[in-house]
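Only one structure is covered here, and it is reproduced in the block below.
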Amino acid sequence: MAAELEINRWGITNWISRETEIKPIILRLLDEPGTGVSAWARTTSGLIALLLFVQFATGILLAFHYVPATANAYTTVAFIELAVRDGAWIRSMHYHSSVLLPIALAAHILQMIFRLSFTKNSAAWIFGVVLLGLVLGAAATGYALPWDARAINGVNIAISLAGNTPIAGGFLKTWMMNGNAISTLTLSRFYGLHVWIVPMLILTAAAMRVFIFGKRKDAGDEPRYAAWARSQFTRNALVIGIAFLAISLLSVVYPAPFGPQAAESSTYLPRPGPQFLWLFEMQKYTDGTLAAVLAMGFPSVVIGGLIAAAFLLRRRVDLVRIAAIGLFTVAFGTVGVLTATAIYQDHSDAKISEQLAKQELDESKFRASVFEPQTQMPPRPSKREENDKGPQSSDAVLASSSSPMPVPSAYEVNCAKCHGERGEGTAKFPELVDVTTRDEDQLTPDMILAIINDPKAVGRSSKMPSYKNKLDDDQKQELVEWIKSLSPKDPNGETPHVQTASIQDQKQ
Ligand code: HEC
């Protein structure tokens, strides 16, 4: 009995240790006992376990309400924020834990470097590093789900990075979009990755770490480990308790960001979560292939390098420590500097910080508002009207259009940046309102289609890109109908609504 690991003497734990394999598993998981600072440093394991637990628990609660379709996603998230009991808090817990996970993992990796544990316990080391990659993957895919202006911007960046990847670019882009354009299928793909693939990989990695890897202990050593396990359990419990309170409080004070709907947001400045500010900053200086190579190469090199350190340099302990510390410092130092620069640049630019402050205000107004269910009866009132009383109406929304049709998502994604959120035009690009009736234009549907397909071919400026291969026929047709509907004087102005509504319904 004395030689067995005895966590405590409660009846239930005695039963568990008699009937299950938990004792030997815990024993195998344990690293060399430590004391003082080292023991406290190792509570990063408990912290990571807590954060992962919060992610799974709150993620499941969010999934109860969320619908991954471009027409509904935003509304369901607004529903979670405004109508679901404690929904805003649950969503914020999910958000803040996702930001804290990479930080906790960085701390975890750092303490392992200092204890040189990757030479002794390489499974734990590799698990920590792999987990860092996986939680970044989870955060990147989760970013798309609210389908607000932030999310759509993020998806566009992710897809252009994928498309600019050397060699595999074309394939990656189509795979990620789940088709030839950003659509509900794209959102489904991100959703599938976020709620199935990445969590499965995390659980698999955790299960492997717990059940397959670990150091078998000599029977004679067990009492020593048992005593340590007890005190380490207490330390972890304390850290977990404090961390949970802190994250709960953080989630009350700072709700998770939720931007406006894409169509209402021509002035909106999307900002990623803090764990991706380094990438956001990198994007300011790089373009095309270089941007893609850096965005994906940088984390891959860091994660690959940290894993390789455990294998390549096993026998040269002093060298290992230097290499690992060096790589860690360069990697996380770069992330730190880029993050700080991004924050500094936003703060020091008066226009940007004013706009960001306005967005915050809009968001808090939104949070104070009452949830308005989405009306799905076609034709829908224009979002602008819906929003006149809504908290997120921005001046830019006061466009000249009075189309009763919803803005097609292909328009929001591809055209709005030049022609305005509602076809009202922007400083450098023409408005689309009334193009079918204006004297100088009187564009026919065929002409609109021709311009969308290849502006140059019909004598238009090449400043407008060709969408021949970027959009499918349905999307082009939907765009033509919508542009026609921007001309209320058009005698055919009313008919398309019904048609488009049915196109939309088929798609949903
Ligand atoms: C990079 C900016 C840009 C984007 C993106 C863009 N356009 Fe254009 N668009 C232009 C410019 C510039 C013109 C003027 C071309 C000309 O008349 O020489 C134009 C003209 C047009 C016209 C004719 C307007 C008129 O006054 O006769 C239509 C219709 C149009 N665009 C539709 C679209 C649609 C639909 C999309 C999205 C699929 C789109 N555009 C995306 C820049 C853009």
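The values are calculated or read from the model by the stated rules, or taken from the named source; none is laboratory data. Because the structure is predicted, anything quoted here is derived from the model rather than measured. Here Cβ is always computed from backbone atoms with ideal geometry, including for glycine, and neighbour counts include all displayed protein chains. Ligands, DNA and RNA are excluded from the accessible area calculation, which covers all protein heavy atoms including side chains. Shrake-Rupley method; radii C 1.70, N 1.55, O 1.52, S 1.80 Å.
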Nonlocal amide H pairs with Asp148, under 5 Å, H built at 1.01 Å: none
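Considering Cα pairs under 8 angstrom that are at least six residues apart, work out the relative contact order of the chain and quote it in whole percent.
Taking the mean separation of contacting Cα pairs over the length of the chain, I get 17 percent.
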Accessible area (Å², 1.4 Å probe, nearest 10) - Asp318: 90
³J(HN,Hα), Karplus 6.51/-1.76/1.60, whole Hz, each residue of region 344-356, x for Gly, Pro: 4, 5, 5, 6, 7, 8, 4, 4, 5, 5, 5, 5, 5
Listed residue pairs exceeding 29 Å between alpha carbons, taken from Lys173/Lys456; Lys173/Lys358; Lys417/Lys484; Lys463/Lys484; Lys173/Lys476; Lys351/Lys456: Lys173/Lys358; Lys351/Lys456
Using θ = phi - 60° and Karplus 6.51 cos²θ - 1.76 cosθ + 1.60, couplings along region 457-469 (whole Hz; Gly, Pro as x): 4, 10, x, 9, 5, 7, 5, 8, x, 7, 10, 3, 9
The chain, accessible surface, carbon-and-sulfur percent (1.4 angstrom probe): 65
Förster radius 60 Å - calculated FRET efficiency between Asp218 and Ala63, Cβ distance, rounded to 0.05: 0.85
12 Å beta-carbon shell around Ile343, net charge (K/R +1, D/E -1): -2
Listed peptides 193-204, 164-175, 144-155 by packing density, highest first (mean Cβ within 10 Å): 144-155, 193-204, 164-175
Heavy-atom surface of the chain, accessible at 1.4 Å and reported per residue (Å²): 50
With all protein chains modelled, accessible area of Ser348 [1.4 Å, Å²]: 70
With DNA, RNA and ligands ignored, accessible area of Thr289 (1.4 Å probe; Å², nearest 10): 70
More than 22 angstrom apart: percent of Cα pairs within region 82-237: 57
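Work out, step by step, the length gained on full extension between Leu185 and Ala123: first 0.36 nm times the residue separation, then minus their alpha carbon distance; give nm to one decimal.
Values: separation 62, 0.36 × 62 = 22.32 nm, distance 3.74 nm.
In short, 18.6 nm is gained.
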